[in-house]
Amino acid sequence: MSATTRGRVHEADRGMHAVARVREVREQDSRLGLQQASAEQRDREARLAELHRHVEASPVFEAGSAATFLALRASMTALGEAVGEAREEVDASRRITDAAREHWQRDHSRLRAVETLLETRAAERAAERARREAARLDEAATQLWLRRSEVEQ
């Protein structure tokens, strides 16, 4: 919530301040959810990158026994399956992060709308106070002018 909406609560805005507090909590929750989803996505991407490094560092079969070839093939098959699963996990985590980002943006927009409304109302009240004060000062100046003009006559 912005600094202008945290000050003294105007009686007419009590309900809107309650709405703002609820929306602020929702926005914080969705922001935390987005941060968690982003962290999990980074972890999954790091795991996939690590698996790719293992693939690149894997030995190439050039010569050897059939058992060595079969063992290498089995380990490469397992590594390939792990890479495939890791890719699926990265894709899923990206979708989750995108959904969390949309949720946070929606909550953030809703909070900002309430804050903007409260700021607008406060500005309108301040402008009205300034108009009343200007009218009061004009009246005082008029009264002073009338008194001085009566004294001079």
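Read-outs: derived from the displayed coordinates by stated rules, not from any lab. Note that the structure is a prediction, hence the values are computed from the model and not measured. FYI the Cβ positions are ideal-geometry reconstructions off the backbone, even for glycines, and counts take in every protein chain you see.
Select from Ala123, Leu137, Leu32 the residue farthest towards the positive end of the dipole of the chain; place +1 on Cβ of Lys and Arg, -1 on Cβ of Asp and Glu, and compute about the Cα centre.
It is Leu137.
Mind listing which trypsin sites (Lys or Arg not before Pro) in segment 1-86 are in a DSSP loop and have 10 or fewer other Cβ atoms within 10 Å?
Taking segment 1-86 and a limit of 10 other Cβ atoms within 10 Å, the loop trypsin sites (Lys or Arg not before Pro) found are Arg8.
Determine the shape class of segment 1-86: with a ≥ b ≥ c the square roots of the Cα gyration tensor eigenvalues, call it rounded for a/c under 1.5, and otherwise prolate if a/b is greater than b/c, oblate otherwise.
prolate
Can you tell me how much longer the chain between Arg106 and Leu70 gets when fully stretched, taken as 0.36 nm per residue apart minus their C-alpha distance, in nm with one decimal?
Gain in length upon complete extension: 7.6 nm.
First measure r as the distance between the Cβ atoms of Ala122 and Glu88, then evaluate 1/(1 + (r/R0)^6) with R0 = 41 Å and state the FRET efficiency to the nearest 0.05.
The pair Ala122/Glu88 has a calculated efficiency of 0.20.
In degrees between 0 and 90, to the nearest 10, how far off the longest principal axis of the chain does helix 66-152 point, with axes built from Cα atoms?
The answer is roughly 0 degrees.
Only Lys, Arg, Asp and Glu count, each charged at its Cβ (+1, +1, -1, -1), so figure out the dipole size of the chain about its Cα centre, rounded to 20 debye.
Here the chain has a charge dipole of around 640 debye.
In Å³ and rounded to a whole number, note down the convex hull volume per residue for the Cα atoms of the chain.
129 Å³
R0 = 41 Å: FRET efficiency of Glu81 with Val25, Cβ-based, nearest 0.05?
Once rounded, the FRET efficiency stands at 0.40.
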